[in-house]
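Engineer: I have a structure here, written as structure tokens, and I will follow up with some questions on it.
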């Protein structure tokens, strides 16, 4: 199960990186419905990865650093928090808020990898 969690972490990083690029390009071009789709895709893969991590934890495999669990919760909360800030924003500013949140999420994912 730890191997599946590690593979999932690579998938999460890839999806979040692509989503961040989509949101940033959309911000440059004036906004797009793809921003919301990219945000939902990133949130979905993070959620699946956290579920896999929870099963891994329950099965007895523990992270090297207990902060890994805190960073996992932070990763799950970043995108919904950003969405709450930009709910009524016009498309272009909303795209930039989502792009910034995805950039922050990439940093948290890097930290998760270093504590796992």
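The values are calculated or read from the model by the stated rules, or taken from the named source; none is laboratory data. Not measured: the values here are computed from a predicted model. Counting neighbours? That spans all protein chains shown, and the Cβs are built from the backbone with ideal geometry, glycine included.
Engineer: All but one of (1) at pLDDT 95 or above; (2) surrounded by fewer than 20 Cβ atoms within 10 Å (Cβ to Cβ); (3) within 14 Å of the chain's Cα centre (by Cα) hold for residue 113; which doesn't?
Structural biologist: (1)
Engineer: Would you check if residue 18 is out of contact with any helix residue (DSSP H, G or I) (no Cβ under 7 Å at 6 or more places or on another chain) and surrounded by 13 or more Cβ atoms within 10 Å (Cβ to Cβ)? Spell out how you get there, then give the answer.
Structural biologist: Working: out of contact with any helix residue (DSSP H, G or I) (no Cβ under 7 Å at 6 or more places or on another chain): yes; surrounded by 13 or more Cβ atoms within 10 Å (Cβ to Cβ): yes.
It is true that residue 18 is out of contact with any helix residue (DSSP H, G or I) (no Cβ under 7 Å at 6 or more places or on another chain) and surrounded by 13 or more Cβ atoms within 10 Å (Cβ to Cβ).
Let's see how each residue does on (1) surrounded by fewer than 20 Cβ atoms within 10 Å (Cβ to Cβ); (2) free of Cβ contacts under 8 Å to residues at least 24 places away in the same chain; (3) within 10 Å of the chain's Cα centre (by Cα):
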position	(1), (2), (3)
2	yes, no, no
27	no, no, no
48	yes, no, no
65	yes, no, no
70	yes, yes, no
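Engineer: Being in contact with a helix residue (DSSP H, G or I) (Cβ under 8 Å, 6 or more places away or on another chain) and under 18 Å from residue 20 (Cα atoms) is true for just one of 61, 42. Which residue is that?
Structural biologist: Details: 61 fails: under 18 Å from residue 20 (Cα atoms).
Criteria check complete, one pass: 42.
Engineer: Every residue in the stretch 29-39 that is buried (at least 21 other Cβ atoms within 10 Å of the Cβ) and more than 15 Å from residue 83 (Cβ to Cβ), please.
Structural biologist: Matches in the stretch 29-39: none.
Engineer: Given the conditions (1) farther than 18 Å from residue 30 by Cα; (2) modelled with pLDDT under 95, which single one is not true for residue 92?
Structural biologist: With (1) farther than 18 Å from residue 30 by Cα; (2) modelled with pLDDT under 95 applied to residue 92, the lone miss is (1).
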